[in-house]
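Derivation of every value follows stated rules applied to the coordinates shown; laboratory data play no part. All of these numbers come straight from a predicted model, not from anything done at the bench. Every residue, glycine among them, receives a Cβ derived from its backbone with ideal geometry; neighbour counts consider all protein chains shown.
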Amino acid sequence: MTYRPVFISAIFLLVFAVIGTGLVAFTFDSTAERIAENQRRALLKNLNELLPSSRYDNDIFSDILMVHNSELLGTNEPVPVYRARKNGWPIAAVLAPVAPDGYNGNIRLLVAINLDGTLAGVRVIKHRETPGLGDGIEASRSDWILGFNGKSLSNPSKEGWGVKRDGGRFDQFTGATITPRAVVKAVHKALLYFKRNKQHLFERAPKIPTTP
C-alpha cells in the first residue's frame, strides 16, 4: 500500500506528459503550414523589391538552382539561386549567401545581380546584430543597404570594396564597424561567384544573343 500513491502519481504524470506532447505536436502541425506560407510571402516581397516583377515573366520562386561554395558564399550549406528570365532569356540572379563574420554571427543576405554583373540590390533577411547599432543594415532601419545598387566588381575597384575605415568606399556605422564590413565583404564575394559561374547559373536558359 505504501507504493500505491507513488504509482498513481506516476500514472498521472505519464498521462499529462502524453497529452502535453500531443498538444505541442498538434500546434506545430497546425501552424507549420502557416509559418511556411508567411516565410514564402516575406521572401517573395524581398525578391520583388530587388527585381520588380515587370522585369521577368518566369516563376522566380520555382526557378531555383542550389549551389555550393563555402569560400565565396559563406556557408557549407547549399545556397539557393533564384533566376529571373524574360521570354526565356536570363535577366538576373538572386543569390542567398551568408556573411559568417557578423558581430553576433551569421548575416543572411539576398544579393540580386543583373546579367551584366551590376547589382540590382541587396537585402538582409536574417541577422542577430545589436539593435540600434548593427541593425542599420536593415532596409527598414536605414538606407545604407541601398548603397550597393548599381555597384559591380569594377565599381568600385577591388580596393574600394571595404568600409571607409579600411580604405574602402562604403560607410560604416558609428560604434559598429564589424557588421557593415561583414556585409560588404559577403556582397563582393557573391559578385565574384556570379562572375565565375554565370554560365552554369543559367545553363538551362538559351544562349545570350550576340550582336552580329
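Just one of the listed residues (139, 190) is small (Gly, Ala, Ser), buried (at least 19 other Cβ atoms within 10 Å of the Cβ) and out of contact with any Gly (no Cβ under 6 Å at 6 or more places or on another chain), namely 190.
Filtered by the rule that a residue be surrounded by fewer than 23 Cβ atoms within 10 Å (Cβ to Cβ) and small (Gly, Ala, Ser), the stretch 97-120 gives 105, 117, 120. Of all residues in the stretch 40-78, those that are crowded, with 16+ Cβ neighbours inside 10 Å, farther than 17 Å from residue 88 by Cβ and in contact (Cβ under 8 Å) with a residue 40 or more places away in the chain total 9. For the stretch 171-180, state whether one or more residues are over 29 Å from residue 65 (Cβ atoms), of a type outside the set (A, V, I, L, M), crowded, with 16+ Cβ neighbours inside 10 Å and out of contact with any Gly (no Cβ under 8 Å at 6 or more places or on another chain). Yes, the stretch 171-180 has at least one match.
Working carefully through the options 145, 125, find the one that is in contact with a strand residue (DSSP E or B) (Cβ under 6 Å, 6 or more places away or on another chain), surrounded by fewer than 22 Cβ atoms within 10 Å (Cβ to Cβ) and assigned to a helix (DSSP H, G or I). Steps first, answer last, please.
On the way: 125 fails: assigned to a helix (DSSP H, G or I).
After applying the criteria, what remains is 145.
Within the stretch 164-179, the set of residues being part of a helix (DSSP H, G or I) and either under 18 Å from residue 150 (Cα atoms) or of a type in the set (A, V, I, L, M, F, W, C) (or both) comprises 178 only. Contact map, the stretch 131-158: first residue on the phi > 0 side of the Ramachandran plot, second residue in a loop (DSSP other than H, G, I, E, B), Cβ cut-off under 7 Å, separation 6 or more or different chains; pairs are 150/118.
Give the residue, chosen from 95, 72, 43, that is among the aliphatic types (A, V, I, L, M), out of contact with any helix residue (DSSP H, G or I) (no Cβ under 6 Å at 6 or more places or on another chain) and within 25 Å of residue 179 (Cα to Cα).
Details: 95 fails: out of contact with any helix residue (DSSP H, G or I) (no Cβ under 6 Å at 6 or more places or on another chain); 72 fails: out of contact with any helix residue (DSSP H, G or I) (no Cβ under 6 Å at 6 or more places or on another chain).
Step by step, each of 95, 72, 43 is checked, and only 43 is among the aliphatic types (A, V, I, L, M), out of contact with any helix residue (DSSP H, G or I) (no Cβ under 6 Å at 6 or more places or on another chain) and within 25 Å of residue 179 (Cα to Cα).
The residue list 90, 97 contains one member that is touching a residue at least 60 places away in the same chain (Cβ under 8 Å) and touching a Gly at 6+ places or on another chain (Cβ under 6 Å), which is 97.
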